[in-house]
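Single-structure report; data block below.
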Amino acid sequence: MVAEISPQTRRLAEHLSGAARTPLPPEVLHKTKHHIIDTIAAMVSGAQLLPGIRGLAYVGADGDGPSALIGGRRSNPVDAALANGMSAHADETDDSHARSISHPGCAVVPAALAVGDLRHSSGEQILRAVAAGYDAGTRVVLSLGKPVLNTESSGRSTHAYCGLFGAAAAAGVVYDLEEEQVRHALSYAAQSASGVTSWVRDPNHVEKAFVFAGMPASNGVRAAAMVASGCDGVGDVFSAVPNFLDALSTDVRRDELADGLGERYEIMHTNIKKFAVGSPAQAAVQAMLELVESEPIDPAQVAGIRIVLPHDLCRVVDNRSMPDICCQYLVAGTLVDRAFTFAMAHDDDRMTDPVITALRSVTELIADPDKAGVRTADVSVTLRDGRVRQRYVGAVRGTVDDPMTDEEVTAKAVDLMEPILGAAATGELMDTLWSLEACPDITTVTAMLTAGVYAEARR
């Protein structure tokens, strides 16, 4: 008996099976470059931070294999995707998709690179695979019903689910799976779907980087690789009985699986962070930066700081122990420095600096009960003479509503990579990435990110 395939699943599989040979519209191709550049920069900088270090250590000190690891050695594609994924989410600078409440890039890009390096794929193929991964991962999450992030209760992690199906889709495109094989790969991915919101209690970001990126990237690559090696599976994991969607949701929206495919590219609706900090703190940092750029504020004259964030975001960034996700610290550091830098956002010692500590002690973080699902901030600084400086940010720079320019994407990437790779290697890498569609072999890129290049850059 041949199982019937739902039109939604078939349409999604057809889209993914044809993606390797379907040119992207020019604006989509260009936006995909933005996200690949942004994610690779996050991977390079994140490999030096604890989550990245732990991911690389897990792979092993003497790792060897066909796929490149960011910052060192080589490994098999599944482990390479895991380690590189954890690096990509290590420093909170990776992209985010608001509607699905997810971070697609930190799982999708490492998955595409891991398999692309193995298969010597072209830059054009990687671009198409990455765009397809964003399309698939976000749509699977949306098909489960309206995504919700409530950090005061327990729930499944939309971040992990989006990354998983996005990584499986991207890897499947690089493997050039046929339509039936794509459906089987998605079924294998569904069987490894995991992730709960307990990541919000992770004190060192290591488990969070695993949940958001390392786990979904590696599981997605494994799903596609198993099918590419000859494994078959369930023809339609999203419909018939039993199925993945009904098992996890009472609000299934199956039409979301194929809605707008080939017309609405979700990478066009994905945000890039201008600041290397947790998403909920982005608007607060921007508000303070705009205040001090318009007129400097003397820290000694500050009587109080009031930060109002949407209620679903406050707990995530409220006085956290890590500087890059502690809203009070980031706002105080931006005020004192009159600028935002990656170094400030990751300076653990500065968390206890007397000037910073004094500002944090008079900072009030308030949850707006009427706002959720948006990245906004209202920041007010009350001075000792009674004056109040105030700034509201309703559209954070880098979001779909206020996108970054090519120059801003480059500036952010260079700030993250140059201290590690050096100016010359960073410049060469950026030149290659900006012309990625002309790159005949993605190993040209991955070769710039291995241990030998890192060691050479530091001499």
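Given an 8 Å cut-off on Cα distances and at least 6 residues of separation, report the relative contact order of the range 7-272 as a percent.
26 percent
Kindly sort HIS30, HIS184 by accessible area of their heavy atoms, largest first, with the probe set to 1.4 Å.
In descending accessible area the options line up as HIS30, HIS184.
Compute from the Cα atoms of the range 50-117 the Rg and the Dmax, the latter being the longest Cα-Cα distance, and quote both in angstrom.
Values for the range 50-117 (Cα only, Rg and Dmax): 12.0, 41 Å.
State which entries of LYS146/LYS412; LYS371/LYS412; LYS33/LYS274; LYS33/LYS273 exceed 25 angstrom in Cα-Cα distance in the structure shown.
Pairs exceeding 25 Å: LYS146/LYS412; LYS371/LYS412.
Report relative contact order for the chain in percent, whole number only (criteria: Cα-Cα under 8 Å, sequence separation at least 6).
Relative contact order comes out at 20 percent.
Placing +1 at every Lys and Arg Cβ and -1 at every Asp and Glu Cβ, with all other atoms neutral, what dipole size does the range 51-95 have around its Cα centre, in debye to the nearest 20?
220 debye
Based solely on its DSSP helices, what 222 nm [θ] is calculated for the chain when runs of n ≥ 4 H residues each add -39,500 (n - 2.57) and the sum is averaged over all residues, nearest 500 deg cm²/dmol?
Calculated at 222 nm, the ellipticity per residue is -15000 deg cm²/dmol.
Can you give me the long-range amide H partners of THR399? Hydrogens built in the peptide plane at 1.01 Å from N, cutoff under 5 Å, separation of 5 or more residues or another chain.
ILE272
Give the residue from MET226, GLN286, ASN204 lying farthest towards the positive end of the charge dipole for the chain; charges sit on Cβ (+1 for Lys and Arg, -1 for Asp and Glu) and the dipole is referred to the Cα centre.
Checking the options against the dipole of the chain, the answer is ASN204.
Using r as the Cβ-Cβ distance of THR444 and ALA395, and R0 as 35 Å, what FRET efficiency do you calculate, to the nearest 0.05? Present the calculation step by step, with values, prior to reporting the outcome.
On the way: r = 36 Å, r/R0 = 1.04.
Rounded to the nearest 0.05, the efficiency is 0.45.
Can you compute the charge dipole magnitude of the chain about its Cα centre, using +1 on each Lys and Arg Cβ and -1 on each Asp and Glu Cβ, nothing else charged? Give it in debye, rounded to the nearest 20.
600 debye
Find which of PRO369, ILE307, CYS327 sits farthest along the positive direction of the dipole of the range 281-393, computed with +1 on the beta-carbon of Lys and Arg, -1 on that of Asp and Glu, about the Cα centre.
Working it through, the farthest residue towards the positive pole turns out to be PRO369.
Multiplying the sequence separation of ALA343 and THR432 by 0.36 nm and subtracting their Cα-Cα distance, what value in nm do you get?
Details: separation 89, 0.36 × 89 = 32.04 nm, distance 2.60 nm.
Residue separation times 0.36 nm, minus the Cα-Cα distance, leaves 29.4 nm.
What full-extension length gain, to one decimal in nm, is calculated for THR405 and VAL355 as 0.36 nm per residue of separation minus the Cα-Cα distance?
Contour length minus Cα-Cα distance gives 14.6 nm.
Please work out the ratio of the alpha-carbon Rg of the range 116-263 to 2.2 N^0.38 Å and round it to two decimals.
Scaled against compact globular proteins, the figure is 1.03.
If you look at just the Cα atoms of the range 281-393, how large are its Rg and its Dmax in Å?
12.8, 36
Write down Rg/Rh for the chain, rounded to two decimals, with Rg from the C-alpha atoms and Rh from the Kirkwood relation over Cα pairs.
0.98
Round to the nearest 10 and give me the degree value, 0 to 90, for the angle of helix 105-119's Cα axis relative to the longest principal axis of the chain.
40 degrees
The values are calculated or read from the model by the stated rules, or taken from the named source; none is laboratory data. What you are looking at is a predicted structure, and each value in this text was computed from that prediction instead of being measured. Backbone-built Cβ (ideal geometry, glycine too); neighbour counts: all protein chains shown. Heavy atoms of the whole protein, side chains included, go into the accessibility calculation; ligands, DNA and RNA do not. Shrake-Rupley method; radii C 1.70, N 1.55, O 1.52, S 1.80 Å.
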